[in-house]
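Following: one structure in structure tokens, then a few remarks.
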Amino acid sequence: MALIMRPAFAQEPAATGLKELTLEECIEYALGNNQDVRKAAYDEQIGTQQIREARSQGLPQLNATGGVDYYPALPTQILPGALAGQPGQDIPVRFGKDYNASGNVRLTQLLFNQSYFVGLKAAKTTQDLYRIRTEMAQEDLIYNIGTAYYQTLQTKQQFENLQANLDRLAELERIMQLQYKNDLVPKVELNRVKVNTTNLQNQLQTLTTTFEQQKNVLKFFMNMPLDQDIALSDASDELDMTVTEAITAEQAVAQKAQYELLNTQKQLQSYSIKNIQAGYYPTLSAYGQYGYNTQRDELFSSSVPWFKTSVVGLQINIPIFDGFKKDAQVKQGQLEMKKIDEDLSKLETNTAVELTNAYAQLQNSQTSISVQEKNVDLAQEVYNTTNDRYKEGISPLTDLLDAEVSLREAKTNLNNEKLKYKIAQLNYLKARGELETLNK
């Protein structure tokens, strides 16, 4: 009797350390552990800090400075001799002390800067940009998880179909082995069954390897340890949906995170242009400084006291001419906005194509599944009838083996159509901008 191979993924979920996961559970785990999603979340936090950074420029700026200068040789200045009653002569004079020390505190406050107000708006929009990118990272992850999940589940179901066929062949081989011992069937017929059994075993071994590889891909997207054994739920209604009336490309685009991203980028570009144009405005700030200084022959001598010094004032900066630098920068920004408009137009066209193709594939898959289910029922009926006739000695073994192959192919085709339907559902949700519904 032939050995029936049963790979690891045929174990029951109750095995130690084995997790049985639904699609929703896989998505939930991935959203909490995937590195790309985590990085996107960090970018959101960076956006929050960038807003704080932008606001800081409008807050009072306080700085303290201090220093000590030592002059081994004091600088010399030349004075007219007339000042000392020596007309016609130059008199070299050294001013100052060997040590000069000072300490000051300076406070500045921005009063008006058009770029500052534009920068605040841009910082808030940048935070929105990071949030949208997080949503896009999550959507990409959901799509990848869904695709990997159903491909893996299809392989598992394909294995179960082949295993059922192998069980039937094993039983047939057992019966024929007894018949051969009693000289009721020739050896060639027994060998023919053994060949088919071996071929099926090889196919099962290949599926086992494929299944493990697909599970590893799924674990990769989930950022789950590769040594964690998992099983996939056979629930077939996780993604099932009735094909609803097709929405327009404009409606689908409006629901997409990518559409929101492009509009946010366009808004940021407009702020960039406004920030450049703000450079034509004057800037105004106030400042105040208070401190002490002293000059001494000896640094730690108390013979010369510290003298107070303070000043307050306003500073204005008025741009006059920059060689048309800002004008060139503004025109560059306007061209960048036109590029974003082209991306928006391309997104709408691409979405229309995705919607049309995904909707057509859904309808086609629904029809194909119905046809393949009937074909499986018919193949099963043919196999059952042929098997009964073979047992009665009416049909030859070749007819029975052909019927077994036809049944196997029919089930494989049905399995493939179901996978196409699941992938079509994912593509349809993606085209509509509704992938996030899989995590609700």
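The values are calculated or read from the model by the stated rules, or taken from the named source; none is laboratory data. For clarity, every value in this text was computed on a predicted model and none was experimentally measured. Note that each Cβ is placed from the backbone with ideal geometry, even for glycine, and that neighbours are counted across all protein chains shown. Side chains are part of the model used for accessible areas, which takes the heavy atoms of the whole protein and leaves out ligands, DNA and RNA. Shrake-Rupley method; radii C 1.70, N 1.55, O 1.52, S 1.80 Å.
Taking the Cα atoms of the chain alone, what are Rg (to one decimal) and Dmax (as a whole number) in Å?
Just the Cα atoms of the chain yield Rg and Dmax of 40.4, 149 Å.
Under 8 Å for C-alpha pairs, at least 6 residues apart: give me the relative contact order for the chain, rounded to a whole percent.
The value is 24 percent.
Around L378, under 15 Å between beta carbons, what's the net of Lys plus Arg minus Asp minus Glu among the other residues?
-3
Between region 23-38 and region 129-196, what is the separation of their alpha carbon centroids in Å?
Each part's Cα centre sits 28 Å from the other's.
When you count, for each residue, the other Cβ atoms within 10 Å and take the mean per peptide, how do 113-121, 44-52, 253-261 rank with the highest first?
253-261, 113-121, 44-52
Counting only heavy atoms of protein chains, what accessible area per residue, in Å², does region 311-406 have with a probe of 1.4 Å?
Result: 67 Å² of accessible area for each residue.
Please compute the contact order of region 132-270 in relative form: average sequence separation of alpha-carbon pairs under 8 Å and at least six residues apart, divided by the residue count, as a percent.
38 percent
Between T48 and L226, 0.36 nm times their residue separation minus their Cα-Cα distance comes to what?
60.6 nm
Using a 7 Å offset from the Cα along the Cα-to-Cβ direction at both A73 and Y281, what is the distance between the two label points in nm, to one decimal?
The answer from the label model is 5.4 nm.
Region 197-326: Rg/Rh from Cα coordinates, Kirkwood Rh?
Over the Cα atoms of region 197-326, Rg/Rh equals 1.43.
Among N216, N350, N199, which one moves the most in a GNM of the chain with springs linking Cα atoms closer than 10 Å?
N199
Whole-Hz ³J(HN,Hα) for each residue in region 173-184, computed from phi via Karplus 6.51 cos²θ - 1.76 cosθ + 1.60 with θ = phi - 60°, x for glycine and proline: what do you get?
Values per residue, Gly and Pro as x: 4, 4, 5, 5, 4, 5, 5, 5, 4, 9, 6, 9 Hz.
Go ahead and collect, in residue order, the members of region 272-288 whose backbone nitrogen is under 20 Å from a label point 7 Å along the Cα-Cβ direction of L120.
Only 272-287 fall inside the zone, counting backbone N under 20 Å.
In percent, what relative contact order does region 62-191 have, based on Cα pairs under 8 Å that are 6 or more apart in sequence?
18 percent
E20's amide H: which non-local residues (gap 5+, or another chain) put their own amide H closer than 5 Å, with H modeled 1.01 Å from N in plane and none for Pro or chain starts?
HN-HN under 5 Å from E20: A231.
First compute the accessible area of region 351-418 with a 1.4 Å probe, then give the percent of it belonging to carbon and sulfur atoms.
Result for region 351-418: 47 percent of the exposed heavy-atom area is carbon or sulfur.
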